[in-house]
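A.B. asks: One structure, pasted below without further comment.
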2 protein chains.
Amino acid sequence: MTAFGRSIGKFALLCAAVIGLTGPAHAEDGYDLWLRYRTPATTSSALKIEARGDTPTLRAAAEELRRSNLFATKAPTILLATATDRDVAALRLPLAALGDEGYRVGYVTLGNRRTLLVTANTDRGVLYGSFALLRHLQTGGSLDRIDLTSTPRVKLRVLNHWDNLDGVVERGYAGASLWDWWTLPDFRDPRYTDYARANASIGINGTVLNNVNAKAESLTAPYIAKAAALADIFRPYGIKVYLSARFSAPIELGGLKTADPRDPAVGRWWRAKADEIYRAIPDFGGFLVKANSEGQPGPRDYGATHADGANMLAAAVKPHGGIVMWRAFVYADTDPDDRAKQAYDEFKPLDGRFADNVVVQVKNGAIDFQPREPFHPLFGAMPRTPLMIEFQITKEYLGFATHLAYLAPLFAKTLDAQTGTAPGATVARVVDGSLEGHRLTGMAGVANIGDSRDWTGSPFNQANWYAFGRLAWDPGLTPEAIAREWTAQSFGRDPQVMRTVTDMLMRSREAVVDYTGALGLAHLMATGHHYGPAPWVSDLKRPEWNPVYYHRADRGGIGFDRTKTGSNAVAQYAPALAARLADPRTTPESELLWFHHLPWDYRMASGQTLWETLARRYDRGVDTVAAMRREWEALRGRVDPQRWAKTATFLAVQEREARWWRDASLSYWMSVNHLPLPAGMAPPAHDLDWYKQQRFPFAPGNPQ
Amino acid sequence: MTAFGRSIGKFALLCAAVIGLTGPAHAEDGYDLWLRYRTPATTSSALKIEARGDTPTLRAAAEELRRSNLFATKAPTILLATATDRDVAALRLPLAALGDEGYRVGYVTLGNRRTLLVTANTDRGVLYGSFALLRHLQTGGSLDRIDLTSTPRVKLRVLNHWDNLDGVVERGYAGASLWDWWTLPDFRDPRYTDYARANASIGINGTVLNNVNAKAESLTAPYIAKAAALADIFRPYGIKVYLSARFSAPIELGGLKTADPRDPAVGRWWRAKADEIYRAIPDFGGFLVKANSEGQPGPRDYGATHADGANMLAAAVKPHGGIVMWRAFVYADTDPDDRAKQAYDEFKPLDGRFADNVVVQVKNGAIDFQPREPFHPLFGAMPRTPLMIEFQITKEYLGFATHLAYLAPLFAKTLDAQTGTAPGATVARVVDGSLEGHRLTGMAGVANIGDSRDWTGSPFNQANWYAFGRLAWDPGLTPEAIAREWTAQSFGRDPQVMRTVTDMLMRSREAVVDYTGALGLAHLMATGHHYGPAPWVSDLKRPEWNPVYYHRADRGGIGFDRTKTGSNAVAQYAPALAARLADPRTTPESELLWFHHLPWDYRMASGQTLWETLARRYDRGVDTVAAMRREWEALRGRVDPQRWAKTATFLAVQEREARWWRDASLSYWMSVNHLPLPAGMAPPAHDLDWYKQQRFPFAPGNPQ
């Protein structure tokens, strides 16, 4: 180490001490997300960054590199330039394949000088490349050898904010909405820019600002102006703004008597509305629509189809280059047979009937973001229609913000699922359009972001936002690779921290499945707020609102028969897959009771009975959480105190509540099957009635 | 300057640069409040602090002094010790008069060593003294000459949080509730400690956690445990926790058939509930109750009196040393004569009938926290009952968080008002108990605090929290002195900043009065959310909900006749004062139309007509805001960028909305009086109908 280096090191230490002294306002509270830029820390005064051209996006890229403070004194000159730059063009790099958003980061020689070139066909690509460079360095990549080239496989990488205009986030567990609609468009909170930075760093390029359960007011002039202010802030970061549209807005705002998509006046109203929006937001992304689902208005109110509705809206935004994302999440009490079948039944006949700027948004599974579901049968069933997949990043059914559950394994498992329609056909290849050559491709995640200081309600929930973005960019990334990336950036590269955090992440979601109900059980949660166990609920108005509808447990057995003897939902899958799922012996154990109703003494592959297997999974889930807690305890002092303490507290809550899920569930199953607990298992702490009496009248995220 | 000093100075500059580089997470975002401790910045490694005794409160005091970083290298030894410390006792200082909470800070000689002694009779007093010392230094006081002695004049210095259990703050404009009830009692957000620090620094010693429009659930075991966790955090800072109690809780939670305070079973239920609370919170402060007001249940539902209700609750907390704060804010549609008279009519007959641990909480004025109201006639009218005053720090009627309005002039004017009951009798002397020798004294402020990063929704709103606390400690402080203190601590001591900010603060509330309606007009705001002008509203169910009820404007004149020819509310004041208020010529101009209905051409003292005077006040209000905006503009670069920009934006909003108030109000008055605008005044920007059509369906703070 040179004398200069030593003095810098000492200086950094002293500064760290001073920063520490300024009190809790500057503690590590999670605000920085994975953009912490803490290691190595030194001055960046020596850093030379040249941006060719002066667009807001290039300025953002250069600013991010400067603020990162990640470069040693031997930092190279960094050049940010698009492919049209004369020097870059002269290098004759193979940039065409990068498309609109891909990037290339690597060393080149320019005028005899070794230069680190961040290039792309667009300034957005340069921005993505800059973030890739920072990720490379933060995860321990060498500054000497850099060769980063990547192009996103999916075009629309979108967050769906279920944010209401009154600031309440439906299924939000991280505080109120990040959008302060009241002070917009005047006040532009610097946090909006940090939101855009975080999204751009993982490649997210779209945000739907308001809840799919939409209010018509979001389409009025004042709210368009507010959305436009956000669009202005997000634009340099390559992020387009979308709005959820209430289908009946022509009635509520326009004074029309109908919202029938076939009525010319309705079409005119939407065209005028789209024109108005595009005057304020020239690059407005388009509409997301939840129609004829859970009480929302839609085209079926008028005897028209979902395609009629989607195409009418699509025509309104088409002249401006906008799109419509039309949700396939529908179910109605008119078809009590099997809720899991309804989206398929309603949408498959419409295949090929959607306009070319419509994409149908399909949840990962056929019910509703459960801890585990088989992939949605619509994937593979609508070859002539672009389907984007919708994941839920917010953990409505996986312990809200409090429980630690890393969702990348859930996302990846769905994306990797073989649809069976062709060799090598996976959900990912349906979604990325490569199977059928669709131009419009997308992945949406229901955001877990609120105005909590740490954005997502806990330090670990940030990993799910991160993983969603990374998978949307490249569905081929493994959950473990993403976990390691996130950990290094979020907690630093201490090997023990890296190992422990990555391990915790990787086991966490399976633990939730185990303690909430394994083997393909689903929808066992309490009513309304969806927190905690309530498999006993059977008295709600619509049959498919009740957990008993899903598990169908009785003295004779448990599970939903979706084979020919039952609802025959298996027939919605490709024939070979359907045949496998029709037989419990060839159904994956993790999905067994999703597809089959089986006796409690059914013999599993292990030789254990179904009941013993199910029961012991609850213990396994609780044990995993207890182990995670111990492992985190061992990191005390290796992780900054504030994030450490919050995580330790939440893990304690999770362990207590995992036991609650276990005990309540076992109590109930035993009340149904009258079987004893498997040998050695501890009895539930309370009787069943105690569990039934738990109430959470003010649970977050539950709109009243 | 010594070489060491130079090197320290250079070091500090370098560190500042590094801190600046770490990005927006560490920008000045207002989180630090007036506890910024930025000047002078140097290391505190040389600081010697000795705390005698090891109580959590003394630890908090020592920690605060250490974190402040305010002491130069010549810092003296600081000794924190209570009066019982042997060395302190030997000094024979006159400490007895300090009482439980007062402090003395000054130099003493201990063992030949000059020592800065922070002492008091209790550790709470030492904490208050430590904060006084920091205030002294932050406001430019010398480290060499320190002689700070102070004792609070008011015993209960309390914040009322109108926070609902679902996180919504009624009349809250600074985000959601600071209390994350969902994660309590497990997760103890470090922010709770910072809340306690801020309150302790200005002497606030009590906090009512939940809305006076209370839910019974706040008294259930889970919520008592949550409140207990907060109480544990606040205790070292001398802050007691109180709860708003729903009067009908014995029915809702206890399954009783009645909440009649005279029913022995009801009394037993409350005693058991109090016992349960005190088991969890041994120093629980007691209950705040809003009864028989705006739909809340209360003793009058059973034909009992407010005293019956209050005394029954008082008996429940009495064995534990608790108190009951019983609100006098009542009005009912059964008495449509004059809403301003009702609290007096209902409470005065009860004077002397309240238990000795009951204090009646009376709003500063008889209507409801308007931009200006005469002092409440109950002050001076209930000599045998302790009355605490209730101010509203959150600006429900003064532009929410967006408008800049410094409320200390409003608070001080009320406190300084002569009640006329005896020579020198002021509202302050009623409140501090000195007139009648009451032991129980108090001042309550409806908090303007939420989970916004800057706590209060804007940097300047922090001044109102600060001023409330300082006035509660010492009602004799002047608004200007408090403004200067706050400015120095919040923005530093640059003379131009000090002068400009203090001037802005001091003029701001009068500007709001001017542009919303001067000369004693009140209750002219829009329905429900209370934002913006709506003097025309006349169609609400209850007469006293309508602005027209209050201004009574017609072709002939404007104002509410509260003299003998009208409601005779003036008779509620002491006779000499009542006589002055009965005559418009001896009524303060600022309260003229509160007490009198006068013709539009009534001649004011200036010789102008009433109409011209009123109209020109609107212009004056708008002009003042425009001037504030220009002055703030001149501070660009002298105030940190983030707080500067937010304030600049909000001032722009305020100027626009001041014009809106002006134009809408003038339009309406002209539609009533058919008079032209005074010469030279600009006509309203829109016609009256336009103003009537403004809608704010999602305004914050308005419970649905």
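Any read-out appearing in this document is the output of simple, stated calculations on the displayed coordinates, not a laboratory observation. Quick caveat, the model's predicted, so the values are computed rather than measured. Positions of Cβ are generated from backbone atoms using ideal geometry, with glycine treated the same way; all protein chains shown enter the neighbour counts.
A.B. asks: So what is Rg over Rh here for the protein assembly as shown, counting just Cα atoms and using Kirkwood for Rh? Write out the running numbers ahead of the final one.
C.D. replies: On the way: Rg = 33.5 Å, Rh = 34.5 Å.
Ratio of gyration radius to Kirkwood radius: 0.97.
A.B. asks: Check residue A:392: other-chain or 5+ apart residues with amide H under 5 Å from its amide H, H built from backbone geometry?
C.D. replies: A:446
A.B. asks: Grab every C-alpha pair in region A:579-636, bin the distances at 10 angstrom width from 0 up to the longest one, and report whole percents.
C.D. replies: The calculated distribution, bin by bin, is 21, 38, 21, 15, 5, 0.
A.B. asks: Using the structure shown, list the pairs from A:290/A:318; B:363/B:646; B:290/B:395 with a Cα-Cα distance above 27 Å, or answer none.
C.D. replies: Details: A:290/A:318 19 Å; B:363/B:646 31 Å; B:290/B:395 20 Å.
Over 27 Å apart, Cα to Cα: B:363/B:646.
A.B. asks: Okay, next question. Across the Cα atoms of region B:432-582, what radius of gyration and what greatest pairwise Cα-Cα distance (Dmax) are found, in Å?
C.D. replies: 19.9, 55
A.B. asks: Output the antiparallel fraction of DSSP beta bridges having both residues in region B:150-299, as a percent to the nearest 5.
C.D. replies: Working: 1 of 10 bridges.
Close to 10 percent.
A.B. asks: Residue by residue through region A:163-169, what is 3J(HN,Hα) from phi via Karplus (6.51 cos²θ - 1.76 cosθ + 1.60, θ = phi - 60°)? Round to whole Hz and write x for glycine and proline.
C.D. replies: With the stated coefficients, region A:163-169 comes to 9, 7, 5, 8, x, 7, 9 Hz.
A.B. asks: Then there is this: Once amide H atoms are placed 1.01 Å from N in the peptide plane, what residues at a sequence separation of 5 or more from residue A:122, or on another chain, have their amide H within under 5 Å of its amide H?
C.D. replies: A:83
A.B. asks: Shifting gears a bit: Can you give the Rg to Rh ratio for region B:280-356, taking only C-alpha atoms and Rh from Kirkwood?
C.D. replies: Details: Rg = 13.6 Å, Rh = 13.4 Å.
Rg divided by Rh gives 1.02.
A.B. asks: Local charge sum around residue A:151 (other residues, Cβ-Cβ under 13 Å, Lys/Arg +1, Asp/Glu -1)? Spell out each step's value before the answer.
C.D. replies: Working: positive: A:104, A:124, A:153, A:155, A:157; negative: A:100, A:101, A:432, A:474.
Combined, the nearby Lys, Arg, Asp and Glu give +1.
A.B. asks: Calculate one ³J(HN,Hα) per residue across region A:378-383 by plugging θ = phi - 60° into the Karplus curve 6.51 cos²θ - 1.76 cosθ + 1.60, and present them in order as whole Hz with x for glycine and proline.
C.D. replies: Computed from phi, the couplings for region A:378-383 are 5, 5, x, 9, 10, x Hz.
A.B. asks: Which one, A:129, A:107, A:34, is farthest towards the positive end of the dipole of region A:26-158 when Lys and Arg carry +1 and Asp and Glu -1 on their Cβ?
C.D. replies: Of the options given, the answer is A:107.
A.B. asks: Where the only charges are on Cβ atoms (+1 Lys, Arg; -1 Asp, Glu), what is the dipole of the protein assembly as shown about its Cα centre, to the nearest 20 debye?
C.D. replies: Details: 162 positive and 150 negative charges, 662 e Å.
With only Lys, Arg, Asp and Glu charged at Cβ, the dipole is about 3180 debye.
A.B. asks: What's the Cα-based Rg to Rh of chain A, Rh via Kirkwood? Mind dumping the intermediate values first?
C.D. replies: Values: Rg = 26.1 Å, Rh = 26.7 Å.
Result for chain A is an Rg/Rh of 0.97.
A.B. asks: Could you work out, for region A:326-433, what percent of all Cα-Cα pairs fall into each 10 Å distance bin, beginning at 0 Å and stopping at the bin that holds the largest distance?
C.D. replies: 14, 44, 32, 9, 0
A.B. asks: Another one. Nm distances between the label at residue A:276 and the same-position labels in the remaining copies, 7 Å along Cα→Cβ, shortest first?
C.D. replies: With the label placed 7 Å along Cα→Cβ, residue A:276 yields 5.3 nm.
A.B. asks: Long-range amide H contacts for residue A:110: which residues qualify at under 5 Å (H placed 1.01 Å from N, peptide plane, sequence gap of 5 or more or a different chain)?
C.D. replies: A:115
A.B. asks: Around residue A:64, what is the net charge, scoring Lys/Arg as +1 and Asp/Glu as -1 over all other residues with Cβ under 12 Å from its Cβ? Mind dumping the intermediate values first?
C.D. replies: On the way: positive: A:59, A:66, A:67, A:135, A:197; negative: A:63, A:194.
Computed value for this residue: +3.
A.B. asks: Now for a different question. So for B:197, A:124, fewest C-beta neighbours within 10 Å to most, what's the order? Write down the numbers at each step before the final one.
C.D. replies: On the way: B:197 21, A:124 26.
Ascending number of Cβ neighbours within 10 Å: B:197, A:124.
A.B. asks: Shortest first and in nm with one decimal, please list how far the residue A:53 label point sits from its counterparts in the other copies (point 7 Å along Cα→Cβ).
C.D. replies: Result for residue A:53, in nm, nearest copy first: 6.9.
A.B. asks: Using only Cα atoms, what Kirkwood radius does region A:51-203 have, in angstroms?
C.D. replies: Every distinct Cα pair counted, the radius reaches 17.2 Å.
A.B. asks: While we're on this one: Rank these for me by crowding, A:638, A:171, A:372, A:191, going from fewest to most other beta carbons within 10 Å. Display every interim value, and only then the final one.
C.D. replies: Working: A:638 13, A:171 22, A:372 25, A:191 18.
Fewest-to-most ranking of A:638, A:171, A:372, A:191: A:638, A:191, A:171, A:372.
A.B. asks: Over the alpha carbons of region A:177-279, what is the largest minus smallest coordinate on each principal axis, giving the biggest first in Å?
C.D. replies: 44, 27, 25
A.B. asks: Show me, for region B:118-128, the HN-Hα J-couplings you get by feeding each phi into the Karplus relation (A = 6.51, B = -1.76, C = 1.60, θ = phi - 60°), rounded to Hz, glycine and proline as x.
C.D. replies: So the Karplus estimates, Gly and Pro as x, are 10, 9, 5, 7, 9, 5, 4, x, 4, 4, 4 Hz.
A.B. asks: When A:122, B:516 are ordered from fewest to most other Cβ atoms inside 10 Å of their Cβ, what list results?
C.D. replies: With the fewest neighbours first, A:122, B:516 line up as A:122, B:516.
A.B. asks: In addition: Of the beta bridges DSSP finds with both residues in the protein assembly as shown, what % are antiparallel, to the nearest 5? Don't skip to the answer; put the middle values down first.
C.D. replies: Details: 35 of 115 bridges.
Among the beta bridges of the protein assembly as shown, antiparallel pairing accounts for roughly 30 percent.
A.B. asks: Still on this structure, please answer the following. Can you check what the net charge comes to around residue B:591, using other residues whose Cβ is under 9 Å from the Cβ of residue B:591 (Lys, Arg +1; Asp, Glu -1)? Mind showing how you got there, number by number?
C.D. replies: Details: positive: B:372; negative: B:373, B:589.
Net local charge, residue B:591 excluded: -1.
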